[in-house]
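As C-alpha cells, the structure follows; a few thoughts come after it.
Each value in this text was obtained by applying a stated rule to the coordinates, not by laboratory testing. All values reported here derive from a predicted model rather than from experimental measurement. Positions of Cβ are generated from backbone atoms using ideal geometry, with glycine treated the same way; all protein chains shown enter the neighbour counts.
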Amino acid sequence: MSETGLPTTDGRRLIAAARRRDLLFAGIGLAVLFVATAVLLALVLDLVITGAPHIDLDFLTSYPSRRASRAGILPAWVGTGLVMLVTAALAIPFGIAAGLYLEEYAPRNRVTDVIEINITNLAGVPSIIYGLLALGVFVYGFRLGETILVAGMVLALLVLPVIVVATREALRSIPREVREAAFALGADKWQTVSMYLLPAARPGILTGIIVALARAIGETAPLVTIGALTFIAFLPPPPITAQPPFVSFEWLGSPFTVLPIQMFNWISRPQAAFHELAAAAGVVLLVMTLAMNGLAIYIRYRARRLLG
Amino acid sequence: MTLAAPLPAEPAPPSARPDEARPAEIRAKAAVEDLSFWYGPKQVLFSISMPVAEGCVTALIGPSGCGKSTFLRCFNRMHDLYPGNRYAGRILLEPEGIDIIGPKTDPMVPRMRIGMVFQKPNPFPKSIYENVAAGLRIRGVRSRTVLDAQVEKSLRRAALWEEVKDRLHASAHTLSGGQQQRLCIARALAPEPELLLLDEPTSALDPIATAHIEELIDELSRRYTIVVVTHNMQQAARISRFTAFFHLGRLIEFGPTEEVFTRPRETMTQDYITGRFG
C-alpha cells in the first residue's frame with residue numbers, strides 16, 4: 001500500500017493483462033467467423049460444383065420435363081422474377097409509408113403502441129402461417145386464384161415488417177438537429193419528411209429492402225400453401241405487348257412456379273440426375289439474389305456518396 | 001412602439017428599467033410578456049418579460065440550465081416538435097403584434113419570419129447550394145435565377161462566398177466546422193428573416209472560427225434583429241447592445257449591455273459576470 005492508501009499497481013502488468021484479454025477475444029471471434037464462413041463456402045461450392053455443368057442456355061430456356069436431360073427452369077426463373085416484381089412493388093411503398101407514419105406522424109398512444117408491438121412480432125411469424133392466411137383470404141375469400149398476384153401479395157405481407165422496422169430505425173437515427181433545422185426554416189411536416197428526412201434515411205431503408213427481398217426470393221412454404229404449381233409447361237402472358245397500350249397485366253392472374261419450388265420438386269425425385277438439376281437451379285437462384293442485392297448495394301452506395 | 005411600451009408594469013422584474021440612456025428611435029421587434037414554460041410537469045421558465053430591440057443584438061446570458069436556450073426556442077416554437085411542452089404568456093411579434101405562442105397561431109407563421117442557427121452546425125446532408133436554397137425551396141421558389149441570386153447574396157452576407165463559390169455543389173459536410181456554421185447562418189438568412197435566433201452559435205467552434213462568427217454577427221446586426229444565446233460573457237459584452245441575464249428560469253436583469261456589465265443592479269448579476277458563480 002502506498003501513502004495514498006491505494007494499492008500500488010504495476011502498470012505494465014495491467015497493460016499486459018488487457019492485451020491478453022483482447023487477444024483472446026479476437027482469437028475467439030476469428031475462429032467463429034472462420035467456422036461460419038467455411039460452412040457457408042462449402043455449401044455454396046458444393047452447389048456450384050454439382051450444378052454449374054448443367055447450366056447452359058437450354059437449361060434457362062427449357063420447360064421442365066420428365067427426362068432430366070431435357071428439363072429446364074424457364075417458367076421457374078420467370079415466375080421468381082415476376083413474383084419478386086409484385087412483392088417489391090407492394091412491400092416497398094407500403095413498408096416505407098407505414099414506417100414513416102409510425103415514426104413521424106402517429107400520435108404516441110396505446111393504439112400505436114399495440115401496432116408497434118404487433119409489427120415487431122409479425123416479423124417472427126412462421127411463413128407457413130402467412131400462406132394459410134393468403135389461402136383463406138386471397139385465394140378463397142377474394143377469389144384471386146392461385147396466381148402470381150397472390151404470391152406477390154403473400155410475400156409482400158411476409159417481408160413488410162422488415163421494411164417497416166428498417167424505415168423506422170433509419171428515420172430515428174437521423175440527428176434531431178436535421179429535423180429541427182428543417183422546421184426552423186418554416187418547413188411543414190411533409191416538406192421536412194420528403195426533402196430532408198427520407199433522403200437522409202435512404203441508405204438505411206435500402207438495407208431493409210435488401211434483407212426483405214432476399215428473404216422473399218427464397219420462400220417456399222407460403223407459395224406451396226397457396227397452390228403454386230410444381231410442374232408447369234407454359235409462361236405467363238408477357239407484360240409488354242406489341243399492341244397499344246403495350247403494357248399488359250394479364251400475367252398477374254397467371255398460375256406460376258418459382259425456383260425454390262422447382263428445386264424442391266426435383267430434390268424429391270429418386271433420380272440422381274434431377275438432384276443435380278436442383279443444384280443448378282439453386283445456383284441460378286443464388287445469382288438472382290446476388291444480382292438483386294448488388295443493385296440495391298449500388299443504389300445505397302450512390303445515396304451515401306450524395307450524402308457526403 | 002418604443003422599447004418601453006411592451007414591458008408591462010406588472011409583473012415586471014424589479015430590475016427592468018428599460019427607459020434610461022436609450023435613443024428614442026429603437027423600436028421593439030418582439031415583446032415577451034409574462035412568459036412561462038413547462039417541459040411536461042416541470043416549469044423551467046418563470047414569468048419572463050422583456051423586449052427585443054429592432055436592429056440590435058440582444059444577448060441572453062446565464063449559467064448552464066438557466067433556461068436561456070429554452071427561452072430562445074420559444075420564439076420559433078421549436079418546443080412544439082416534442083410532446084408535453086406547454087407555454088403561458090405572450091410573445092408578440094411586431095409590427096402586427098402576432099402572439100407567437102398563442103394557441104391560435106400556427107407554429108409555421110413565426111418560423112416563416114424568424115431564422116435560427118443552432119448550437120452545433122447542422123447542415124442538411126446535401127450540397128452547399130441546396131443548404132442555402134432550402135428555405136426558399138420550402139417557400140416554393142423555383143426560379144433558378146432567383147435561387148442563384150439569393151444563394152450568392154446569403155453566402156456573401158455570411159462571409160462564406162469566397163471560400164465556397166467554386167464548389168457550390170459539393171456536399172456541405174466537406175466544410176470545416178466554422179464554415180458549416182457560417183453555412184447555417186447563410187441558410188437562415190436566405191429567406192430574409194425579420195429576426196435571427198442564434199443558440200450558442202460558437203460553442204462548438206475553435207477560437208479563430210469563433211472570431212469569424214462574432215465579426216459576422218456584428219456585421220449582420222446592421223441589417224437584422226438578432227437574439228443570441230451565449231455562455232461566454234466576453235462574447236456577450238463584445239457583440240450585443242442589450243443583455244438579459246437568466247438564472248434558474250428567471251430573468252434577473254435586462255438592460256443595455258454596457259450597464260449590465262459595468263453597473264449591474266442585481267448582486268446576482270454582479271456575481272455572475274465577475275465569475276463568482278456559473
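The angle between the Cα long axis of helix B:128-138 and the main principal axis of chain B comes to about 70°, on a 0 to 90 degree scale.
Of the three principal axes defined by the Cα atoms of segment A:11-52, the extents in descending order read 59, 9, 5 Å. Near the amide H of B:GLU266, within less than 5 Å, lie no amide hydrogens of residues on another chain or at least 5 residues away, with H placed in the peptide plane. Within the same chain, lysines fewer than 8 places from B:LYS29 are excluded, and of the rest, those with a Cα less than 19 Å from its Cα are B:LYS68.
Secondary-structure-derived ellipticity at 222 nm for the protein assembly as shown, considering helices only, amounts to -15500 deg cm²/dmol, per-run term -39500 (n - 2.57) for DSSP H runs with n ≥ 4.
If you run the Gaussian network model on chain A, springs between alpha carbon atoms under 10 Å, then out of A:GLY124, A:GLY27, A:GLY79 the most flexible one is A:GLY27. Bridgeable lysines around B:LYS165 (alpha carbons under 18 Å apart, same-chain partners fewer than 8 residues away excluded): B:LYS126, B:LYS153.
Rounded to whole Å, the principal axis extents of the Cα atoms in segment A:107-191 read 52, 23, 20, largest first.
Working note: Cα gyration tensor of segment A:49-201, eigenvalues times five, square-rooted, sorted largest first, giving semi-axes of 41, 21, 13 Å.
What's the Kirkwood radius of segment A:37-109 in Å, using all Cα pairs? Before the final figure, lay out each step's value.
Details: mean 1/r = 0.0620 Å⁻¹.
Taking every pair of different Cα atoms in segment A:37-109, averaging 1/r and inverting gives 16.1 Å.
Across chain A, the relative contact order, built from alpha-carbon pairs under 8 Å that are at least six residues apart, equals 25 percent. For B:LYS120, a cut-off of 14 angstrom between C-alpha atoms picks up these aspartates and glutamates, skipping any fewer than 8 places away in its own chain: A:GLU177, A:GLU180, B:ASP199, B:GLU200, B:ASP206. One compactness figure for chain A is 1.31, namely its Cα radius of gyration divided by 2.2 N^0.38 Å. For the pair A:ARG12 and A:VAL44, the difference between a 0.36 nm per residue extended length and the Cα-Cα distance amounts to 6.8 nm. Scaling the Cα radius of gyration of the protein assembly as shown by the globular reference 2.2 N^0.38 Å produces a ratio of 1.32.
Enumerate the helices in chain A for which the Kyte-Doolittle hydropathy averages -1.0 or more and the C-alpha atoms extend at least 20 Å along the helix's axis, using complete DSSP H runs.
Working: long enough: A:11-51 (59 Å, 1.46); A:74-100 (38 Å, 1.81); A:148-172 (35 Å, 2.04); A:198-217 (27 Å, 1.45); A:272-307 (52 Å, 1.07).
Passing helices, by number: A:11-51, A:74-100, A:148-172, A:198-217, A:272-307.
Full extension of the chain between B:ARG144 and B:GLU162 gives 4.4 nm of extra length, using 0.36 nm per residue less the Cα-Cα distance.
Using only alpha-carbon positions, what ratio does the radius of gyration of segment B:152-278 give when scaled by 2.2 N^0.38 Å?
Numbers: Rg = 16.5 Å, N = 127, 2.2 N^0.38 = 13.9 Å.
In units of the globular-protein estimate, segment B:152-278 measures up at 1.19.
Converting phi to 3J(HN,Hα) with the Karplus coefficients 6.51, -1.76 and 1.60 and the offset θ = phi - 60°, segment B:252-268 yields 7, 8, 9, x, x, 3, 3, 5, 4, 8, 9, 9, x, 7, 9, 5, 5 Hz in sequence order, with x at every glycine or proline. For A:ARG143, project a label point 7 Å along Cα to C-beta. Then give me every residue of segment A:254-278 with its amide nitrogen under 17 Å of that point. From segment A:254-278, the list is A:254.
Please report the equivalent ellipsoid semi-axes of segment A:211-254, computed as sqrt(5 x eigenvalue) of the Cα gyration tensor, largest first, in whole Å. Don't skip to the end; give the middle numbers.
On the way: eigenvalues 139, 47, 14 Å².
Taking √(5λ) for each Cα gyration eigenvalue gives 26, 15, 8 Å.
Can you list residues whose amide H is under 5 Å from A:SER248's amide H, if they're 5+ apart or on another chain and H is modeled 1.01 Å from N? Result for A:SER248 returns A:ILE240, A:THR241. Over all alpha-carbon pairs in chain B, figure out the percentage whose distance exceeds 30 Å. More than 30 Å apart: 28 percent of the Cα pairs in chain B. The angle separating the long axis of helix B:207-220 from the principal Cα axis of greatest extent in chain B is about 80 degrees. I'd like the mean, over residues of B:108-118, of how many other protein chain beta carbons sit within 10 Å of each residue's own Cβ. For peptide B:108-118, the averaged partner shielding equals 3. Counts of other chain beta carbons within 10 angstrom of each beta carbon in peptide B:185-191 average 1.
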